[in-house]
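J.: Sharing a structure with you now.
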Amino acid sequence: MCSRRLASALARAHACAHGGSWRNSLVFHSLDRVTSSYIHILPPLLAFCLRWYPPEGLVFPAALPFRYAMSAALAFYLSWQAAYLFYTEVIHPPAPACDTSIRVLTSSKKGKAPPHCYTGITRTTYVSARALGIMAKGERFDAETWKTKMIFVTVQLLYTFATLLLAYGLSNSYKCHVAYLLSILACCTWNGGSYYIEVFSKAYRKQFDGDAETRRRLQVELMINGNLPDEPAPKHDPSAIESIGGSEGDATLEPPLIADRGSEGGAADKLKGE
């Protein structure tokens with residue numbers, strides 16, 4: 001019975017602390033992000049089913065004793081946090097290319113200074129740390145330093161305590177519990193959609209930037225050589241280059257594309273007029 005009460009409190013608080021504020025997102029081509037979303041959404045879904053649709057023979061507590069729920073859940077959380085840090089920092093440190101929660105949270109936007117380079121709870125954390133004198137002006141979070149790690153461990157502890165208060169209320173209201181789960185799923189979906197729009201829109205715009213650069217390069221080649229880069233350049237007599245500027249004598253020396261238009265002006269003037 002005690003273990004069920006403890007699991008219920010932790011599972012409900014788990015998604016609130018990670019599903020939205022920790023920026024879990026349904027990015028289906030990223031195994032790391034999908035796995036993170038799955039492991040954070042599954043516990044509260046299980047707790048919901050056990051609380052409101054218990055299987056036959058399972059007696060689930062109708063109410064949680066407040067003092068026991070908070071103290072036991074926080075004690076278990078601190079034990080888990082210590083074990084997690086020991087595993088990820090000593091036994092099996094993550095590879096540099098691996099997306100961990102601390103690396104995703106501390107990622108910043110290029111070209112912007114703190115705190116504007118951060119969003120969500122990371123920005124709030126930075127502003128608070130800056131006000132307390134923990135972070136220097138202009139200093140960024142570094143996911144590889146213990147300073148940044150301990151800042152987010154502390155923030156997560158405070159956030160867990162706040163969400164445990166929410167979990168205590170959810171266990172007594174079916175409608176609130178459903179609304180809560182739907183909001184977490186909607187938040188993960190929104191984060192995933194925002195990721196796709198931001199990343200793929202940049203990639204889509206980049207290809208047009210490349211096309212514009214190609215057109216500029218072709219225009220330069222046309223003005224200099226009188227032909228496109230993929231065509232063999234005709235050999236011109238250096239002494240006859242002046243005829244390209246508007247001489248009526250030797251029409252064969254004009255660039256093919258310009259001669260076809262029948263203009264009598266200089267080649268550079270014709271291109272400029274276009």
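J.: Can you tell me which of (1) surrounded by 15 or more Cβ atoms within 10 Å (Cβ to Cβ); (2) touching a Cys at 6+ places or on another chain (Cβ under 8 Å) is the one residue 106 doesn't meet?
T.: (2)
J.: Name every residue in the stretch 120-141 that is among the basic types (Lys, Arg) and in a loop (DSSP other than H, G, I, E, B), in order of residue number.
T.: So in the stretch 120-141, the residues among the basic types (Lys, Arg) come out as 123, 130, 137, 140.
Of everything in the stretch 120-141, those that are among the basic types (Lys, Arg) and in a loop (DSSP other than H, G, I, E, B) turn out to be 137, 140.
J.: Could I ask something else about it? Go over the candidates 124, 148, 154, 119 one by one and state the one that is buried (at least 16 other Cβ atoms within 10 Å of the Cβ), on the phi < 0 side of the Ramachandran plot and not aromatic (Phe, Trp, Tyr).
T.: 148
J.: Got at least one residue in the stretch 90-101 being under 19 Å from the mean Cα position of the chain (by Cα), at pLDDT below 85 and not small (Gly, Ala, Ser)?
T.: Looking for residues that are under 19 Å from the mean Cα position of the chain (by Cα), at pLDDT below 85 and not small (Gly, Ala, Ser), one finds at least one in the stretch 90-101, hence yes.
J.: Here is a further query. Looking at 132, 78, 46, 74, which one is touching a residue at least 60 places away in the same chain (Cβ under 8 Å), of a type in the set (A, V, I, L, M) and loosely packed, with under 14 Cβ neighbours inside 10 Å? Can you show your working first?
T.: On the way: 132 fails: touching a residue at least 60 places away in the same chain (Cβ under 8 Å); 46 fails: touching a residue at least 60 places away in the same chain (Cβ under 8 Å); 74 fails: loosely packed, with under 14 Cβ neighbours inside 10 Å.
Just one listed residue meets the conditions, 78.
J.: Let me ask something else about it. Criterion first (without any contact (Cβ under 8 Å) to a residue 12 or more places away in the chain, within 23 Å of the chain's Cα centre (by Cα) and outside any helix (DSSP H, G or I)) does residue 144 satisfy it? Steps first, answer last, please.
T.: Details: without any contact (Cβ under 8 Å) to a residue 12 or more places away in the chain: yes; within 23 Å of the chain's Cα centre (by Cα): yes; outside any helix (DSSP H, G or I): yes.
The answer is yes for residue 144.
J.: So residue 21 passes all but one of these: (1) more than 25 Å from the chain's Cα centre (by Cα); (2) at pLDDT below 80. Which condition number does it fail?
T.: (1)
J.: Return yes when residue 170 is surrounded by 19 or more Cβ atoms within 10 Å (Cβ to Cβ), closer than 26 Å to residue 70 by Cα and in contact with a His (Cβ under 6 Å, 6 or more places away or on another chain) and no when it is not. Break it down stepwise before answering.
T.: Details: surrounded by 19 or more Cβ atoms within 10 Å (Cβ to Cβ): yes; closer than 26 Å to residue 70 by Cα: yes; in contact with a His (Cβ under 6 Å, 6 or more places away or on another chain): yes.
It is true that residue 170 is surrounded by 19 or more Cβ atoms within 10 Å (Cβ to Cβ), closer than 26 Å to residue 70 by Cα and in contact with a His (Cβ under 6 Å, 6 or more places away or on another chain).
J.: In addition: Suppose the filter is part of a helix (DSSP H, G or I), under 17 Å from residue 23 (Cβ atoms) and touching a helix residue (DSSP H, G or I) at 6+ places or on another chain (Cβ under 7 Å); does residue 163 pass it?
T.: yes
J.: Going through 125, 106 one at a time, which residue ends up being in contact with a Ser or Thr (Cβ under 7 Å, 6 or more places away or on another chain) and under 30 Å from residue 193 (Cα atoms)?
T.: 106
The values are calculated or read from the model by the stated rules, or taken from the named source; none is laboratory data. Computed from a predicted structure; not experimentally measured. Neighbour counts run over all protein chains shown; Cβ positions are idealised from the backbone, glycine included.
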